[in-house]
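Okay, structure first, notes after.
Any read-out appearing in this document is the output of simple, stated calculations on the displayed coordinates, not a laboratory observation. Model, not experiment: these values are computed from the prediction. No Cβ is skipped: glycine too gets one built from the backbone with ideal geometry, and neighbour counts run over all protein chains shown.
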Amino acid sequence: MLTIVVDAMGGDHAPTCVIEGTIQALKESDNRFEIVLIGQSDKVKPLLDNYETSALNLRFLHAPEVVTMEDIPAIAVKTKQESSLVKGLQLCKSKQAHAFVSAGNTGAQMAASLFVLGRIPGVLRPTIYAYFPRIKEGLTNIVDVGANVDCKPENLVQFAEMLTIYQRYGAGIKKPITGLLNIGEEEGKGSEVLKQAYRLLKEADSKGKITFLGNIEGHDILKGEATIVVCDGLVGNTILKFGESIPEFLGNLFKQSLEKLVTSGQINKDIALLTANMFKGMLEPFDVEKFGGVPFLGVDGISIVGHGRSSSRAIKNMIFMAEHMIEKRVNEHISEVLSEK
């Protein structure tokens, strides 16, 4: 049976939402995997006692320390060896568990994953990606979105290679297409790093490791010509945070406009409700909680990270993402491809 470790202390709403999401995942999966919930017993146990868990494949493990959102990642990993973050990853390293899930400090989880699990052989830098909606069917992944803010050309190429492998084996995309985010479509555009990355991406295409579309611009992301958008973490994180603000911004504008129409008598409340439901459906592609979290690609183990604001639904879906990564053997495929000459 698969064993997934869940960090009970990770996230803005931990441990309440983490416990709720964990129990939901076990019930919806019909106990097809086991979950080890790890955290501070004085905070977790009283909440667990509110649930009937005797029929669930659920174990609790005490970890006295917590890595907070305010902790400096490298320092926290070294000084908080008894934290739920470090102890949970150690269970994976010792093969007592198959995957680790947390909605805590992303930087600390990356640092701890590297320190405890290490890299897949051949990986220069592990990376993290994000989901973006697109006009065409399916979704676009942007990589990197914050794990690496100062990238060399070969880093960008490897990000594309690893995400291509994930999309093929983990997302069922038969032909992932990579675009290099730049200030213009022409080959000679951008910084020296981007120019070199362009040449290396073309070489990777010629070797069959990726399918390279060429340079793309910001307005191409949502069009969906590329299933993979490659950029450094500074740019990617900026795009990600901007994208996350869109639903709330549009929602506020929509609410104000709708209220004016109702108040002025131009539409009645029934039409307003119907319109609001249509608008809600339109924004559904921006709902990141349906994925829950994403794996650190390139780490020699499965470490899934979620948004700090994760709800119980997001936690549940992070657990299912961990199960998915185990079953699809994405890390093994990455190792196989990177070992090829």
Volume per residue that the Cα convex hull of the chain spans, once the total is divided by residue count, Å³
158
If you average the sequence gap of Cα pairs under 8 Å that are 6 or more apart and divide by the length of the chain, what percent do you get for the contact order?
23
Quick one: what does P(r) look like for the stretch 1-119 with 5 Å bins over all Cα pairs, in whole %?
2, 13, 23, 25, 19, 11, 5, 1
Ordered by number, the chymotrypsin sites (Phe, Trp or Tyr not before Pro) in the stretch 77-170 that occupy a DSSP loop and have at most 11 other Cβ atoms within 10 Å are none
Can you tell me how much longer the chain between residue 327 and residue 45 gets when fully stretched, taken as 0.36 nm per residue apart minus their C-alpha distance, in nm with one decimal?
98.5 nm
Calculate the tail of P(r) for the stretch 1-63: the fraction of all Cα-Cα distances greater than 14 Å, expressed in %.
50
Quick one: which residues, 5+ away or cross-chain, put their amide H under 5 Å from the amide H of residue 145? H built at 1.01 Å from N.
128
Are there trypsin sites (Lys or Arg not before Pro) in the stretch 44-102 that DSSP marks as loop and that have at most 16 other Cβ atoms within 10 Å, and which are they?
95
If I take every Cα pair under 8 Å that is 6 or more residues apart in the stretch 77-233, average their sequence separation and divide by the length, what percent do I get for the relative contact order?
26
Any residue on another chain or 5+ positions along whose placed amide H is under 5 Å from the amide H of residue 10 is listed here as 103
Considering only Cα-Cα distances, which of the following residue pairs are longer than 25 Å: 136/174; 136/175; 43/87; 78/316?
78/316
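Run through the stretch 131-234 and list the GluC sites (Glu not before Pro) located in a DSSP loop whose Cβ has at most 11 other Cβ atoms within 10 Å. Please list the in-between numbers first.
Working: sites: 137, 154, 161, 185, 186, 187, 192, 203, 217, 225; in loops: 137, 185, 186, 187, 217, 225.
Answer by residue number: 137, 186.
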Could you grab the relative contact order for the stretch 1-133? Cα pairs under 8 Å, six or more apart, rounded to a whole percent.
29
So which lysines can residue 255 reach, going by Cα to Cα under 18 Å and dropping same-chain residues fewer than 8 places off?
269, 280
